[in-house]
Amino acid sequence: MYAKPETLDPQVFETALGEAEGDAYRVGPGDSLLVAVYGHPELSIATYAGTGLTGARGAGFIIDNDGSIQFPLIGPVPVAGKTTGELRLFLEKQLATYLREPRVTVQVSYAGSLRYYLLGQFTQPGMKFSDRPVRLLEALSLGGSIVLERASLRGAYIARGGKRLPIDFQRLLRQGDLKFNIPMHSGDVVVVPDSTGDQVFVFGGVIGERAGLGAVPFINGRLDILQALAQAGFGFRERSQGVLSETHVIRSEGDRGTLFIVDVEAILNGEAASFHLAPGDVIFVPTSALTDWNYAMGQILPTLQTVSGLLTPFVQIKYLRDSSD
């Protein structure tokens, strides 16, 4: 048995993670703003028309659901998505029609647009608000704690903009790899599924209508390669069902993956130790000796695509993406 490690293209990974740390905060619905015009206290948005806010949210106006505020002289001002610097320049330009060289200051007094959704094995799941931008570990703490004895960290992921980010929760939470402690975006959904749904995917080995044998669940949280193949219907007495000595296993861990070549024949003959699987492993038993891994992928990609929604992000991005290029 030997393993060939592989990682995603760094550019693919960085694109998936989103903006770099330190990017200016952009306001949105639910935020409160303080706006002051130098020399014109009557235009202060916190005191205008007696509708300024004070208290836990701080002084200021709450941005409406349509992303706008009502500003004196100007009227409705679209502010969602702007930084405070962009908003300051915009207001100065608009007020220049009424005032000579207006100078404006803008401050976020309460960040109420930052919301995250924590689903699955949290002690306090649901929609969570934050008063400031946070990273993943801080966002997780908003859900109380993760019930680790029931959680599938390998199956956990973040959904952002309709995509699954290749975050390795196992390395982040169990090994302290802070590479995966990424800045969160408002609206991110963190999903930590139940470990009872852990499974592997077994393909190949049989030519014909049984080719592509599908998903095999874990048994009490454990599964080795012989158990998986047996559950998938391989008859080990008939060694004609594929080249077991060249069984391929793709294992995903966040942004990286490892290709194992497992000699199942040697395990059956007592010449090698059992190979323990991890949730999300993709197992392929070729029907003939392989000299080209690209040929092997060509055989299993159609089946992988049918279960793409269940696969880990590495397999989805690396193999399914490459197949469509």
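The values are calculated or read from the model by the stated rules, or taken from the named source; none is laboratory data. Everything quoted here is computed from the prediction, not taken from an experiment. Backbone-built Cβ (ideal geometry, glycine too); neighbour counts: all protein chains shown.
Structure notes:
- Residue list for the stretch 44-92, restricted to those being modelled with pLDDT under 80 and assigned to a helix (DSSP H, G or I): Tyr48, Ala49, Gly50
- Residues of the stretch 113-133 satisfying the condition of being buried (at least 18 other Cβ atoms within 10 Å of the Cβ), under 24 Å from Asp177 (Cβ atoms) and among the hydrophobic types (A, V, I, L, M, F, W, C): Leu118, Phe122
- Among the residues examined, Gln124 qualifies as at pLDDT 90 or above and not acidic (Asp, Glu).
- For the stretch 93-116, the set of residues classified as free of Cβ contacts under 8 Å to residues at least 40 places away in the same chain, of a type in the set (D, E, K, R) and part of a loop (DSSP other than H, G, I, E, B) consists of Arg100, Glu101, listed by residue number.
- Verdict on Tyr38 being modelled with pLDDT of 70 or more, among the aromatic types (Phe, Trp, Tyr) and surrounded by fewer than 18 Cβ atoms within 10 Å (Cβ to Cβ): yes
- Among the residues here, Val134 qualifies as outside the structural domain of Ser44 (by TED's automatic domain parsing) and either in contact (Cβ under 8 Å) with a residue 12 or more places away in the chain or of a type in the set (S, T, N, Q) (or both).
- Breaking point among (1) in contact with a Leu (Cβ under 8 Å, 6 or more places away or on another chain); (2) within 26 Å of Leu223 (Cα to Cα); (3) not in a strand (DSSP E or B), for Val191: (3)
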